[in-house]
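Report on one structure; see the data block that follows.
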Amino acid sequence: MEVTVQWIRTSWTKQSRGGEAATRRNAAPVGFTVPHAPPSVAHVVRMHEGDGFAPCHSQEDLRDVDVQIREADGRLRVIPRVQPLFAMPPRPRRPPAVRLAPGHWIRWQLNYRFSSAAGMQDWFYWLDTFNIAYGPVSDDVFLSTPTVFIDERGLLR
C-alpha cells in the first residue's frame, strides 16, 4: 500500500479570532511539499499563534496520526478520528469514510474549541487538516486541488 499522509494542525487562542492575527491565521497554508520518508511515516506540520503561525515540520509514525486508513478491494478507506470527545463543536452526524482510488487524494478538515475543565483559562482552538494520497504521487501533490474535499469545520463562536 503506497500512501502519503500529511497532518497539519493550526492552533490559536481568542487573540487570533479577529483583526490582523486572524488574517495571518487564515493565510496559513493547508498543504505543503512532502519530504521523502518511509511509507509508515506521516509528514506533520504544526503552526501555533505564539510563533506567528510559522510552520514547524516533523515526522511521526502513521499509528500516531488521528486518521484511520485501510486498503481494501483496490481502494483506500479514509476517515479521521475525532479527538477528544469533549471538544466543540459537537459532531452528532459525521460524513462516511471516503474510499480513494489509486492516484487520488483527499483533504479533510476538522476544527475544535476547548476550555480548561474548571473554566479558569480562555478558550483555545485548533484546525486539523489531513491530506492523504493513495498511490505514487509527486512531492508537491498537496499544493494542488484535491480529488475529494471534506469540510467538517463547525461554528466555533
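The values are calculated or read from the model by the stated rules, or taken from the named source; none is laboratory data. Here the structure is a predicted model, which means the values were calculated and not measured. Cβ coordinates were reconstructed from backbone atoms using ideal geometry, including for glycine residues, and neighbour counts include every protein chain displayed.
Residues of the stretch 112-157 that are surrounded by 14 or more Cβ atoms within 10 Å (Cβ to Cβ), at pLDDT 95 or above and in a loop (DSSP other than H, G, I, E, B): P146, T147. Does the stretch 62-77 contain any residue that is within 13 Å of L127 (Cα to Cα) and modelled with pLDDT under 95? Yes, that holds for at least one residue. Among the conditions (1) assigned to a loop (DSSP other than H, G, I, E, B); (2) out of contact with any Gly (no Cβ under 9 Å at 6 or more places or on another chain); (3) modelled with pLDDT of 95 or more, Q109 misses just one, which is (1). Among the residues of the stretch 1-19, just one is surrounded by fewer than 19 Cβ atoms within 10 Å (Cβ to Cβ) and within 15 Å of the chain's Cα centre (by Cα), namely R9. Counting the residues of the stretch 36-56 that are in contact (Cβ under 8 Å) with a residue 24 or more places away in the chain, under 19 Å from N111 (Cβ atoms) and not acidic (D, E) gives 7. Against the numbered list (1) surrounded by 15 or more Cβ atoms within 10 Å (Cβ to Cβ); (2) modelled with pLDDT under 95; (3) among the aliphatic types (A, V, I, L, M), M47 comes up short only at (2). If I ask for residues that are over 18 Å from R107 (Cα atoms) and surrounded by 10 or more Cβ atoms within 10 Å (Cβ to Cβ), which ones from the stretch 20-34 would you list? Those that are over 18 Å from R107 (Cα atoms) and surrounded by 10 or more Cβ atoms within 10 Å (Cβ to Cβ): A21, A22, T23, R24, R25. Only one residue in T23, T4, T33, T10 is among the β-branched types (V, I, T) and without any contact (Cβ under 8 Å) to a residue 24 or more places away in the chain. Which one? It is T23.
Restricting to the stretch 30-72, and then to whatever is outside any loop (DSSP other than H, G, I, E, B) and of a type in the set (V, I, T), can you tell me which residue is farthest from G135 (Cα to Cα)? Step by step, filter the stretch 30-72, then rank; the result is V45.
Being touching a Ser or Thr at 6+ places or on another chain (Cβ under 8 Å) and within 16 Å of R113 (Cα to Cα) is the filter; apply it to the stretch 12-35 and report the residue that is modelled with the lowest pLDDT. Filtering the stretch 12-35 for residues that are touching a Ser or Thr at 6+ places or on another chain (Cβ under 8 Å) and within 16 Å of R113 (Cα to Cα), the one modelled with the lowest pLDDT comes out as A22.
Restricting attention to the stretch 34-66, the residues being more than 15 Å from the chain's Cα centre (by Cα) and closer than 15 Å to F142 by Cα number 2.
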